[in-house]
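The structure under discussion appears below in the form of structure tokens.
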Amino acid sequence: MSWVASQTHAQKLCDQSDNVSVKQPAILHCRDIFRKMGGILVSSAFEEANVSTRPMTTDVPTISESGGVRYLHFGSEWIQGAMWVRKPTQLILEYTAQMMSWLLFLAPPASQPIAQLGLGAGSMARFCLAHLRNPLEIVEWNPLVTAACGTYFRLPRPERLTIDHDDAARWVRDPARAERFAALMVDLYDGQARGPVRGTQEFYADCRRSLASPGVLTVNLFGAHESFARNIRNLSRAFEGRILTLPQIDAGNQIVLAFKGPALEVPLERLLSRAEQVEARFGLPARRWARSLVGQSVNGILSV
């Protein structure tokens, strides 16, 4: 497989996706509901999962709904994920769409797995399952999140979807996953949702090791958070400086792409052409992403 954007060769996101409010009524606490399901999710699930601690109050999902949009929280106003109830495969939050920006550079064969660290409300998983044929492997620390996705966020469970309950750092470090994934989407946050819970140089080096060649990592950071500079530094060291950044969005998220494999040199014309293809096929605002990368090019070439 080679870089798509370097070769010669639909639905629009709803305009409301940039205006999602965090002030949501009717919070539904899932703890009691899960306990009524035979206690499996709160106790046995954590005993069976490959995690070292049980959930605290801040780890128990809460659900809110407003204006036809369902939200995932962890006991606070911070949104951990969202879903249009009538259009569950549509990416409503802008940053989740940007996490798919690796499609600008890669079109992996259907047999090659892609991976996601952190399940959230299952938005990216639903999108990938609807629009791609690749096997999808997900690691999620909290089994309650997985249960919430199945119960409230319409996450399908086809055979090509695998969800492991484990620490993402341990999961990605497993030698069995070396050179495995075409794309790796990293979205790891705790209940406060203000900074990634995994972001060391060692962690990003393990992420790089798990990527095939060529391969792309996308990671969700907060541009204004104190962890941003540290994560950029660790990413840059782990990926030998081969990173690109999308602009910070109004909600504060800033998506970073990191690359593994042959040197990538993309004429801007080809990048914009590929963006048109991605936008037409997937309904993602890919041309906006491509235009935002122009400033990181030199003499009309985007090199990474």
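Miscellaneous remarks
- The residues of the range 248-296 that are open to solvent by 70 Å² or more (accessible area, probe 1.4 Å) and either in contact with a Lys or Arg (Cβ under 7 Å, 6 or more places away or on another chain) or basic (Lys, Arg) (or both), listed by number, are Arg270, Glu276, Arg281, Arg287, Arg288, Arg291.
- Residue satisfying all of: in the range 83-95; in contact with a Lys or Arg (Cβ under 9 Å, 6 or more places away or on another chain) and open to solvent by 10 Å² or more (accessible area, probe 1.4 Å); nearest to Gln254 (Cα to Cα) among these: Gln90
- Close pairs (7 angstrom Cβ cut-off, 6 or more residues apart or separate chains): more than 20 Å from Leu293 (Cα to Cα) and among the polar types (S, T, N, Q) in the range 222-249, open to solvent by less than 40 Å² (accessible area, probe 1.4 Å) and in a helix (DSSP H, G or I) anywhere: Asn234/Tyr204
- Exactly one residue among Ile163, Ile92 is assigned to a strand (DSSP E or B) and among the β-branched types (Val, Ile, Thr), and that residue is Ile163.
- Every residue from the range 201-231 that is hydroxyl-bearing (Ser, Thr, Tyr) and modelled with pLDDT of 95 or more: Tyr204, Ser210, Ser213, Thr218
- Any hit, the range 109-121, residues being farther than 24 Å from Ile249 by Cα, open to solvent by 20 Å² or more (accessible area, probe 1.4 Å) and in contact with a strand residue (DSSP E or B) (Cβ under 6 Å, 6 or more places away or on another chain): yes
- Selected residue (only one of Gln98, Gln80 is in contact with a strand residue (DSSP E or B) (Cβ under 8 Å, 6 or more places away or on another chain) and open to solvent by 20 Å² or more (accessible area, probe 1.4 Å)): Gln80
- Among the residues of the range 141-158, some residue qualifies, meaning at least one is modelled with pLDDT under 95 and part of a loop (DSSP other than H, G, I, E, B).
The values are calculated or read from the model by the stated rules, or taken from the named source; none is laboratory data. The structure displayed is predicted, hence computed values, not measured ones. Ideal geometry is used to build each Cβ from the backbone, glycine not excepted, and the neighbour counts take in all protein chains shown. We work out accessible area using only protein heavy atoms, side chains counted, and drop any ligands, DNA or RNA first. Shrake-Rupley method; radii C 1.70, N 1.55, O 1.52, S 1.80 Å.
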